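The values are calculated or read from the model by the stated rules, or taken from the named source; none is laboratory data. Everything numeric here is computed off the predicted structure, so don't read it as measured data. Glycine also receives a Cβ, built like all others from the backbone with ideal geometry; neighbour counts cover every protein chain displayed.
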Amino acid sequence: MSADGLPGPRVRRPRAAKLIDPAEPVEFTDFHRANRGAYVRWAALHLGSRAEAEDAVDEAMLELLAKWPAVVARPAPAAYAWTVVKSRTIDAVRASRRRPVAVDIAAFESAALTLATDPIAELETNLALEQAIALLPERQHDVMVLRYRLGYTTRQTARLLDVSEATVRSTVRDARRRLARSLGLDTTEGTCR
């Protein structure tokens, strides 16, 4: 805050990607290389800015690095890391005092809009679907966003969330059923009620 009580210019912190010391544990360096890109893509969906997403993910990575021995001692280190990344992203959304942008972006990015006979109806359908996805339980939401919004495979999604591929498949099945109910679709015939 400046002296007049208004927010001052945003000070950019150094990125964790540049702060990783070659003397850091090899496991952390490998983890960082393997996951940072996916984490940034996920955070960017919610923040609407790659730079802000990188900042949020880098804060999470620095937090993980600071307690790395305790992280790898956990039963599911990747799942814990995912939780930390999500928390830092949510913190960044709150700090920016705006709502997450994933729903807005998804609705307007749909390729189906350009091919639709009725683009307005298609937009309404996309918005309803994105809003229904936002209301899914946390695990189902994460899996659906990773699989269908970001295009990760079942294997990649399982690795990021530190669950089995079978868990990802069953979570997708459950999420689809919940979405169909939420959108008023008759799942036995594939039509709307």
Output the number of residues of segment 69-93 satisfying the condition of being surrounded by fewer than 17 Cβ atoms within 10 Å (Cβ to Cβ), of a type in the set (A, V, I, L, M, F, W, C) and either within 21 Å of His141 (Cβ to Cβ) or touching a residue at least 40 places away in the same chain (Cβ under 8 Å) (or both). 4
The correct count of residues that are in a helix (DSSP H, G or I) and either free of Cβ contacts under 8 Å to residues at least 24 places away in the same chain or more than 23 Å from Val163 (Cα to Cα) (or both) in segment 47-68 is 12
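What number of residues within segment 31-56 satisfy the criterion of being among the charged types (D, E, K, R), within 13 Å of the chain's Cα centre (by Cα) and surrounded by fewer than 20 Cβ atoms within 10 Å (Cβ to Cβ)?
Keep residues of segment 31-56 that are among the charged types (D, E, K, R), which gives 33, 36, 41, 50, 52, 54-55.
Within this subset, residues satisfying the condition of being within 13 Å of the chain's Cα centre (by Cα) are 36, 41, 50, 54.
This time we only want the ones that are surrounded by fewer than 20 Cβ atoms within 10 Å (Cβ to Cβ), so: 41, 50.
Residues flagged as among the charged types (D, E, K, R), within 13 Å of the chain's Cα centre (by Cα) and surrounded by fewer than 20 Cβ atoms within 10 Å (Cβ to Cβ) within segment 31-56 amount to 2.
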Please go through segment 128-167 and give me each residue that is of a type in the set (Val, Ile, Thr) and in contact (Cβ under 8 Å) with a residue 60 or more places away in the chain, ordered by number. Val145, Val163
Reported set for segment 148-180 where residues are surrounded by 12 or more Cβ atoms within 10 Å (Cβ to Cβ), at pLDDT 90 or above, of a type in the set (D, E, K, R) and part of a helix (DSSP H, G or I) is Arg159, Glu165, Arg169, Asp174, Arg176, Arg177, Arg178
